[in-house]
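All remarks here apply to the structure that follows.
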Amino acid sequence: MARFLIERLFGMIVTLFLVSIMVFFIMELPPGDYAERYAFRKYSGTGITMTEADVQAIRAELGLDAPAITRYLDWMGGIVLNGDFGPAYAFDTSVNNIIGDKVWLTLGLLFATLIVTYVISIPVGIYAAVRRGGLADYGLTIFSYLGLALPNFLLALVMLYFANLWFGASIGGLFSPQYAEAPWSAAKFWDLVKHLWLPAAVLAWSAMAYQIQTVRATMSDELGKLSVMAARARGVPEARLLLKYPARLAINPVVSTIGFDVNRIFSELPIVAVVLGLTELGDLLLKSYLDLDMNVAGAILLLLTVVIVVMNFVSDLLLAWLDPRIRLGG
Amino acid sequence: MLTVENLTISFRTDEGRITPVQDVGFSVAEGRTLGIVGESGSGKSVSTKALMRLLPGNAEIGREARMRYTSKSGEDIAIEALKPGSRALRRLRGGEIGMIFQEPMASFSPVYTIGNQIMETVRLHRGLNGTAARDLAVEMLTKVGISNPGARVDQYPHELSGGMRQRAMIALALSAGPRLLIADEPTTALDVTIQAQVLDLMRDLQRDLGMGMIFITHDLGVIAHVADDVAVMYLGTIVETGTAREVLKSPAHPYTRGLIKAIPRLDRLDARLEAVPGDIPSPSARPTGCPFHTRCAEAIAGLCERVTPPEVRLAQGRRVRCHLHDETRAVA
Ligand SMILES: Nc1ncnc2c1ncn2[C@@H]1O[C@H](COP(=O)(O)OP(=O)(O)OP(=O)(O)O)[C@@H](O)[C@H]1O
Ligand code: SF4
Ligand SMILES: [Mg+2]
C-alpha cells in the first residue's frame, strides 16, 4: 500500500506541475496584455496619446516585461510558498481577495453535488439491478434517459419555477439577503445548505442518471458471479450477501469516475450558475479572461484543475482501499 | 441420507421452454461418495444446484420432484418445500450440504481475505466469534494441507495459486461442518498433477469426516478414483447407476461403454482417445424415444427412436435405461 501511495503521490505532483505550465501557457495565449488594456482604459477619450514607451513603462511597473520563465517562477513561487496568487490588476487588490469566498462556495457546491449524486445513484442503481425487470427498474430506466437527454439549464429553470412556487422567492443565489454579507455563523451555514440543495440537485441530475445506469449494469454483472452463488451456497442471509459481495464491487466504477464527475460539474456550473443567480468562479473566470486580468483567470483555472487532479488522486486511493487486487498489485 | 426422485427441471428462455433435467432420481448413503458423470450440458450442475435451491429465477422444479434429506439432528427435510429465504434453507446451505465449484478463483470474492470468508461461514453455522472463529479457520486451512496457514488466512484469493485456492475452497466448505459435500468438477480447472493431489485430499477428508459426497465430473477415470457409486447422465436423464466397481467393470449402457473407451490409459497412450462419437443434441431439441439413439451404434431400428426405454433393474442394485436390457420388450 505504501508503495502504491508513493507512486500515485509522485504521479499527482508531476501532473500538477504540468498543469501549472499549461495554465500559465493559457494565460499567455491571448494577444496583448493587461498593460495595453490598462493604458487604453485610462486614457481613451482623454485626448492623450499613449506611445509604445508609455505602455512599456506600465508593463515594467506591473512586472509584465520580465521573461516568461521569470514570471512563471514568480507566480508559482508566490502560490506554493505563500498561497499568494498575485495582484488582480483590474480590481486593484489581490487575487486572493477577489476569489477567496467564491472558491469555498464553489467547492461547497461541488461536494454537495457529488454527495447528492452518490447518495442517490448508488442505492438506486443497486436496487434496480436486484429488482431487474421489475416496474421500478423500468421507471428508473426512463428516468435515466430523461436525465441524460434534458439539458441542465432547462431543468434549472423548471426547478427554479417550482422552488419559487413552493418555498418562496429567496431560493435563487447561495444566501438569503440578510446573510449575504454577514460573518459566518451556524445560521448562515444553515441558510447556505437551504440554498445549496437546488443547484446541487440540478448539477447532480445528469451524473445521477449516468451513475445509476453504471451501478445497475455493474451490479447486474456482479449478481451473476459465481462468488455470489458460492456465498449463497454457504447460507449467507440474502440482504447481507447482496451488500457484502456484489454491492461492494458495484461501486468501483463510480469511485473510479469521481474525477470525470468533477470535471463535468465544473463544465456545467457556469450556465447553471447564471440561471440560478449564483456567484461562483466560472463567471469570474470568463470576465477576467476577457479583461486580460490574467492573474485572476490563471488562479481560477489553476484551482479548478488542481481540484480535478486531487479528486482523481482521491478516487485512485479509494479504489485501492476498496479493491485489494489494485492495492496489492495483483 | 439424501434421496432424490422424479426431479425435473425446466427453464423459461427466450427461445421457449427447455427441460435439461428429466425425471432424475439418485440417492447418497451416509459416508459414501456418489459420482455423477456425463458430458457437458447433461444437467449435472443444474440437478445439484436444485438440491441447494440455487437455481436462477427462470428455473422451475417439477411438481412431482421429491428431495428428502436427513439432517444432522436426524430430522427429515423436504428440500423442495423449503421457503426461499427461510432459516431452514439457510441452515441447509453450507451447514448441512456444502458445495465446491469448478472455478476456485471465481468462487471466492476477490475483495475479502480467505480468512474473512471462512470466518463468516464459521460464525453463521458454528456460532463461533473472534479468535475462536479465526482459530478454526486456521485449523481448516491446516487440514486441507495449506502450508503456513497462519499467514494464508489473511491473504486474498489472488495471492494463492490455483491448487491452493481450491484447497482453501474445500476448507471454506468444510468449515461449516456439512454432512454432505457436493463437488462440481472441483479439479477441472487445475493442472494434472495438482488434480490428483486435490482428488486424494477430497477422498481422504470424506473418509475421515464420514461425510456423504456427490462428485460431479465428465471423466470416468476420476470416478474410479473417488466414487463408491456412480450415476451416468445423458441429456438430463440418468441412463445407468450402480456401484462404481460394477459399472466400470461391466458397463451395461452403450453410452457408459463409450465413456469408458474415452478414459485415457497409460497402456494405450499411443492409441488416440476415442470420444463418444457424434454430437450432443441440444436440450431444446431432445430426441424422441431413447435420448441416446442418435449416437448409439446398437440402436434397435423402429424402437429406440420411438419408445423411451424404461428403467431396468439388473443384479446388485444396478439400474439401466436401455432397450437392450429390457426382457419384457415386445420384439420389434
Ligand atoms: N440459467 C439457465 N437458463 C437456461 N438454461 C440453462 C440455465 N442453466 C443451465 N441451462 C441448461 O441446462 C443444461 C444443463 O446445464 P448444466 O450446467 O447442468 O450442465 P453440466 O452437465 O453441468 O455440464 P458441464 O459439464 O458443462 O458443467 C445446459 O445445456 C443449458 O441448456
Ligand atoms: S435404448 Fe437403444 S438407442 Fe438407447 S442406448 Fe439402448 S440401444 Fe442405444
Ligand atoms: Mg456443470
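The values are calculated or read from the model by the stated rules, or taken from the named source; none is laboratory data. Computed from a predicted structure; not experimentally measured. Neighbour counts are summed over all protein chains in view; Cβ atoms, including those assigned to glycine, are modelled from backbone coordinates with ideal geometry. Just so you know, the surface numbers come from the protein's heavy atoms only, side chains and all, with ligands and any DNA or RNA stripped out. Shrake-Rupley method; radii C 1.70, N 1.55, O 1.52, S 1.80 Å.
Annotations
- 10 Å-binned pair-distance histogram of the protein assembly as shown (Cα, whole percent): 3, 12, 17, 17, 14, 11, 9, 8, 5, 3, 1, 0, 0
- B:Thr193 versus A:Ile21: modelled label distance in nm, points set 7 Å from Cα along the beta carbon direction: 5.3 nm
- Degrees separating the helix A:68-82 axis from the principal Cα axis of chain A, which is the longest one: 60 degrees
- 25 °C / 0.890 mPa s Stokes-Einstein diffusion coefficient of the stretch A:1-141, Kirkwood radius on C-alpha pairs, µm²/s: 121 µm²/s
- Loop-exposed trypsin sites (Lys or Arg not before Pro) per DSSP, neighbour cap 14 Cβ within 10 angstrom, longest uninterrupted part of chain B: B:73-264
- More than 23 angstrom apart: percent of Cα pairs within the stretch A:103-224: 41 percent
- Longest to shortest principal axis, alpha-carbon extents of chain A, angstrom: 88, 55, 37
- Summary of the geometry: the stretch A:279-330 and the stretch B:1-46, compared by the centres of their Cα atoms, lie 57 Å apart.
- Per residue, chain A exposes 51 Å² of solvent-accessible protein surface, assessed with a 1.4 angstrom probe and all protein chains in place.
- Accessible surface buried once A binds B (1.4 Å probe; total of both sides; Å²): 2200 Å²
- Per-residue [θ]222 nm for chain A (sum of -39500 (n - 2.57) over DSSP H runs n ≥ 4, rounded to 500): -25000 deg cm²/dmol
- Surface calculation, 1.4 Å probe, protein heavy atoms: A:Asp323 sits at approximately 10 Å² accessible.
- Relative counts (whole %) of C-alpha pair distances in the stretch A:182-282, using bins that are 10 Å wide: 13, 29, 24, 19, 12, 3, 0
- Rh by Kirkwood over Cα pairs, then Stokes-Einstein D for the stretch A:213-330 at 1.002 mPa s and 20 °C, µm²/s: 124 µm²/s
- Considering chain B at the alpha-carbon level, its Rg and Dmax are found to be 20.8, 71 Å.
- Computed [θ] at 222 nm, deg cm²/dmol, chain B (DSSP H ≥ 4; -39,500 (n - 2.57); rounded to nearest 500): -9000 deg cm²/dmol
- Close amide-amide hydrogen proximity is noted between A:Ala88 and A:Thr93, A:Ser94, A:Val95, each under 5 Å apart and 5 or more residues distant or on a separate chain (H modeled in the peptide plane; Pro and chain starts excluded).
- Projecting the Cα atoms of B:Thr131, B:Gly317, B:Gly94 onto the charge dipole of the protein assembly as shown (Cβ charges, centred on the Cα centre) puts B:Gly317 farthest toward the positive pole.
- Extension gain, A:Asp221 back to A:Thr93 (0.36 nm per residue minus Cα-Cα distance, nm): 40.5 nm
- Going from the chain on its own to the full set of protein chains, the stretch B:51-97 has these residues losing 20 Å² or more of accessible surface (heavy atoms, 1.4 Å probe, no ligands, DNA or RNA): B:Leu54, B:Arg90, B:Arg93.
- Gaussian network model of chain A, springs between alpha carbon atoms under 10 Å - residue of A:Ser315, A:Ser227, A:Ser256 with greatest fluctuation: A:Ser227
- Gaussian network model of chain B, Cα within-10 Å springs - most flexible of B:Val37, B:Val230, B:Val198: B:Val198
- For the stretch B:193-233 versus the stretch B:72-91, the inter-centroid distance based on Cα atoms is 26 Å.
- Exposed-site-free run, longest, chain B (rule: GluC sites (Glu not before Pro); DSSP loop; at most 16 other C-beta within 10 Å): B:76-273
- Simple Cβ-charge dipole of the stretch B:107-177, Lys/Arg +1 and Asp/Glu -1, about Cα centre, in debye nearest 20: 140 debye
- What the phi angles of the stretch A:85-93 give under the Karplus curve with 6.51, -1.76 and 1.60, with θ = phi - 60°, is a coupling list of 8, x, x, 9, 4, 5, 10, 6, 8 Hz, glycine and proline written as x.
- Residues whose placed amide H lies under 5 Å from that of B:Val21, excluding near-sequence neighbours: B:Ile9
- Highest mobility in the GNM of chain B, judged by mean-square fluctuation with C-alpha springs under 10 Å and restricted to B:Ile170, B:Ile182, B:Ile260, is found for B:Ile260.
- Efficiency of FRET from Cβ geometry, A:Arg240 and A:Leu157, R₀ 56 Å, rounded to 0.05: 0.80
- Surface share of carbon and sulfur [accessible, 1.4 angstrom probe, percent] for the protein assembly as shown: 60 percent
- If R0 is taken as 51 Å, the Cβ-Cβ distance between B:Leu55 and A:Ile271 corresponds to a FRET efficiency of 0.50.
- The share of alpha-carbon pairs in the stretch A:46-90 lying farther apart than 11 Å comes to 72%.
- q = 0.25 Å⁻¹, the stretch B:107-177: log10 I(q)/I(0) [Debye, one scatterer per Cα]: -1.10
- Histogrammed with a bin width of 10 Å, the alpha carbon distances of the stretch B:119-160 distribute as 31, 52, 17 percent, first bin at zero.
- One chain, two ends: B:Ala301 and B:Thr13. Fully extended at 0.36 nm per residue, the span grows by 100.3 nm beyond their Cα-Cα distance.
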